[in-house]
1. Answer with yes or no whether Ala207 is within 24 Å of Val55 (Cα to Cα), modelled with pLDDT under 95, in a helix (DSSP H, G or I) and out of contact with any Cys (no Cβ under 8 Å at 6 or more places or on another chain).
2. For region 186-195, state whether one or more residues are within 16 Å of ligand 1 (Cβ to nearest atom), under 22 Å from Asp133 (Cα atoms) and either surrounded by 16 or more Cβ atoms within 10 Å (Cβ to Cβ) or modelled with pLDDT of 95 or more (or both).
3. In region 32-77, what residues are crowded, with 20+ Cβ neighbours inside 10 Å and part of a helix (DSSP H, G or I)?
4. Looking at region 192-216, which of its residues are within 30 Å of Arg168 (Cα to Cα) and in contact (Cβ under 8 Å) with a residue 24 or more places away in the chain?
5. State whether the residues of region 210-221 include one that is over 30 Å from Trp64 (Cα atoms) and of a type in the set (S, T, N, Q).
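The values are calculated or read from the model by the stated rules, or taken from the named source; none is laboratory data. What you are looking at is a predicted structure, and each value in this text was computed from that prediction instead of being measured. When we count neighbours, we look across all protein chains shown, and the Cβ atoms used for this are built from the backbone with ideal geometry, even at glycine.
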Amino acid sequence: YRAKSTGTGVHVYDAVDDVDGAERLRVTEEIRTALTTDQLVLHYQPKVDLVDGRVRGVEALVRWQHPDRGLLPPVEFLGLVEELGLMRSLTDIVLRSALDQASRWRAAGRDLEVAVNLSASGLVDVDLPDRVDAILRERGLPPQVLQLEITEEFLMRDRERARSILARLRATGVQVALDDYGTGFSSLGYLRDLPLDELKLDRSFVAPMVDEPRAAAIVASTIGLAHSLGLRMVAEGIETREVFDALARLGCDQGQGYHMSRPVPAVELEAWLDARWSGGGVDGPRVLGVA
Ligand code: C2E
Ligand code: MG
Ligand code: MG
Ligand code: MG
C-alpha cells in the first residue's frame, strides 16, 4: 500500500502490488491502531419522514480521526480495511458505538432508530446474527432499534448464504435495508426472494429527478414497486427543496440528504433536532423549507 498524492494535496491509500514492505507495514499498523484506540468516530445523518417531517432515525457513517491527516471519509480507508481482513472488527466497533449512542439517546428520551452499514464481506459471516444479538442484549436494546444496510454487491457473493443470514437477522427483529438501490445487478431477482424491510434509492437517480423526466419516471416506478412489495422507500441524496417536494408528492416515505442535514457528530445532531423541534416533543414543523 502507498499513500498516493492527489491534486488537492489529499492522500489516498491505494492498494498496489509493488509497494515496499516497510510502507505496507506502516499503513497496516496505522489501521490496526485506529481500530484499537478510538480513532474511528461515527457521524449521524437524520432519516426524515417526507410526509410529516419527523426524524425517524439516523444513519451511522464511519470516519477515521487520523492523528496527522485529520478526519478521513470512508472512501479513504474502507477498501484497505477490507483487504487487511479487518472489516469484521470495524463492523463490531461501529455496531457497539452506534448502539451505545442509541442507548444514551433513549435514556435522554429520544427514540431514534440507528442504521449501520455492512460491507460486502459481512453477510458471508455466519456469526453476524449472534454477534448482533449479543451486542443488543448487552445494552438492553430492543432489536427494532437497529437497521442494517446491505448492498447488492454483498448479496452477489453468495446469495443463498446471504439470504439465510438475512433471514436469521430479521427473525431477531433487526430491520434490513437494501442500500444504493438501482446501481447493482439483478435487482428484481433480489427483491423477489430476499427478506427486506426497506429500499434506499441511490442518489444518482434522486438528484436529477427534477430536471430529467427519465430519472423521475424511474423514481416514481421504484416507489410503486417498493410499496407493492410492502417495503419502505427511502431516498438518498436530497440536496434541494425541489427534490424533497417532488419525492413527497410521489409518495416516497423517507429521505436523507444535505437539504436536511449532512452527517454530523452526535452532539451536533442533538442541537439540530432541538432547534427544529423547539418544543422538544416529537411533533414539529414540516421539514420543508427548513434548510
Ligand atoms: P452510503 O451508505 O450509501 O451512505 C451515504 C453517503 O452519501 C454518505 O457518504 C453520506 O455522507 C453521503 N450523502 C448523504 N447525503 C448526501 C447528499 O445530499 N448529497 C451527497 N452528494 N452525498 C450525500 P460517506 O459518509 O462518505 O459514506 C460513503 C459510504 O461508505 C457509505 O455509503 C457506505 O457504503 C460506506 N460506509 C460508511 N460508514 C460505514 C460503516 O460503518 N461500515 C461500512 N461497512 N461501510 C460504511
Ligand atoms: Mg448506507
Ligand atoms: Mg447509500
Ligand atoms: Mg452509497
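1. Details: within 24 Å of Val55 (Cα to Cα): yes; modelled with pLDDT under 95: yes; in a helix (DSSP H, G or I): yes; out of contact with any Cys (no Cβ under 8 Å at 6 or more places or on another chain): yes.
Answer is yes for this residue.
2. Looking only at region 186-195, we keep the residues that are within 16 Å of ligand 1 (Cβ to nearest atom), and these are 187.
So of that shortlist, the ones also under 22 Å from Asp133 (Cα atoms) come out as none.
Within region 186-195, none of the residues are within 16 Å of ligand 1 (Cβ to nearest atom), under 22 Å from Asp133 (Cα atoms) and either surrounded by 16 or more Cβ atoms within 10 Å (Cβ to Cβ) or modelled with pLDDT of 95 or more (or both).
3. The answer is Ala34, and nothing else.
4. Initially, region 192-216 is screened for residues within 30 Å of Arg168 (Cα to Cα), giving 192-203.
Of everything in region 192-216, those that are within 30 Å of Arg168 (Cα to Cα) and in contact (Cβ under 8 Å) with a residue 24 or more places away in the chain turn out to be Asp193, Leu194, Pro195, Leu196, Asp197, Glu198, Leu199, Lys200, Leu201, Asp202, Arg203.
5. Taking region 210-221 and keeping what is over 30 Å from Trp64 (Cα atoms), we get 210-221.
Narrowing the set further to residues that are of a type in the set (S, T, N, Q) leaves 221.
The answer is yes, given that some residue of region 210-221 is over 30 Å from Trp64 (Cα atoms) and of a type in the set (S, T, N, Q).
Let's see how each residue does on (1) in a helix (DSSP H, G or I); (2) buried (at least 22 other Cβ atoms within 10 Å of the Cβ); (3) touching a residue at least 40 places away in the same chain (Cβ under 8 Å):
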position	(1), (2), (3)
Leu148	no, yes, no
Arg161	yes, no, no
Ser164	yes, no, no
Arg170	yes, no, no
Gly173	no, no, no
Thr183	no, no, no
